[in-house]
Amino acid sequence: MARVISVAGTKGGVGKSTTAYILAGRLAEMGNKVGLLDADPNHAVGDWHEVGQLPGITIASDITEQNIGDEVAKLEDGGADFVIIDLPGMRGMVQVFAFGLSDLIIIPTQTSRSDVEQALALVHMIERNRKTIQNGVLGSNPRNFRNRIESMD
């Protein structure tokens, strides 16, 4: 099973996409098979990959709360060692689902007071909702949340 790493934040321009792409590239250079999910509507990582074409990275774009679980599963089925999720600079359900799937959440920030405050607010939100994210929204096994969501229809 792949290790899933989300790169998150509630503000644009703090380096989320840069962090996601550099991390994916370094993991691929180390011999890992890496999937990179581009959930950011600006599609920066997809654009960079078209220019750079780093080997060992598979990119999926247009990631939403409706397809994020399926896309992670596809990459895992394809043998990915790591899945990196580049999240948009806003709060939404795609973040909630990504957090539930994640083994690690990275929150890049700039050094301004407002950037740090927003990053800390996101950390507190994740901590407050950890049980909901892990159990209430996604079920006890977040990797298999698709069946739980479909059963709600």
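Read-outs throughout are calculated quantities, based only on the coordinates presented, and are distinct from any laboratory measurement. Since we're looking at a predicted model, the values are computed, not measured. Every residue, glycine as well, gets a Cβ built from its backbone with ideal geometry; the counts of neighbours run over all protein chains shown.
Couple of notes before you dig in:
- The three principal axes of the C-alpha atoms in the stretch 1-128 carry coordinate ranges of 39, 27, 24 Å, sorted with the longest axis first.
- Residue by residue, the stretch 94-111 carries 3J(HN,Hα) couplings of 4, 5, 4, 5, 4, 4, x, 7, 7, 8, 8, 10, 9, 10, x, 8, 8, 8 Hz when phi is fed to the Karplus relation 6.51 cos²θ - 1.76 cosθ + 1.60 (θ = phi - 60°); x denotes Gly or Pro.
- For the stretch 50-100, the residue among LEU75, ALA98, ILE63 whose Cα projects farthest onto the positive side of the dipole built from Cβ charges is ALA98.
- Its Cα centre serving as origin, the stretch 28-130 has a Cβ charge dipole (Lys and Arg +1, Asp and Glu -1) of approximately 380 debye.
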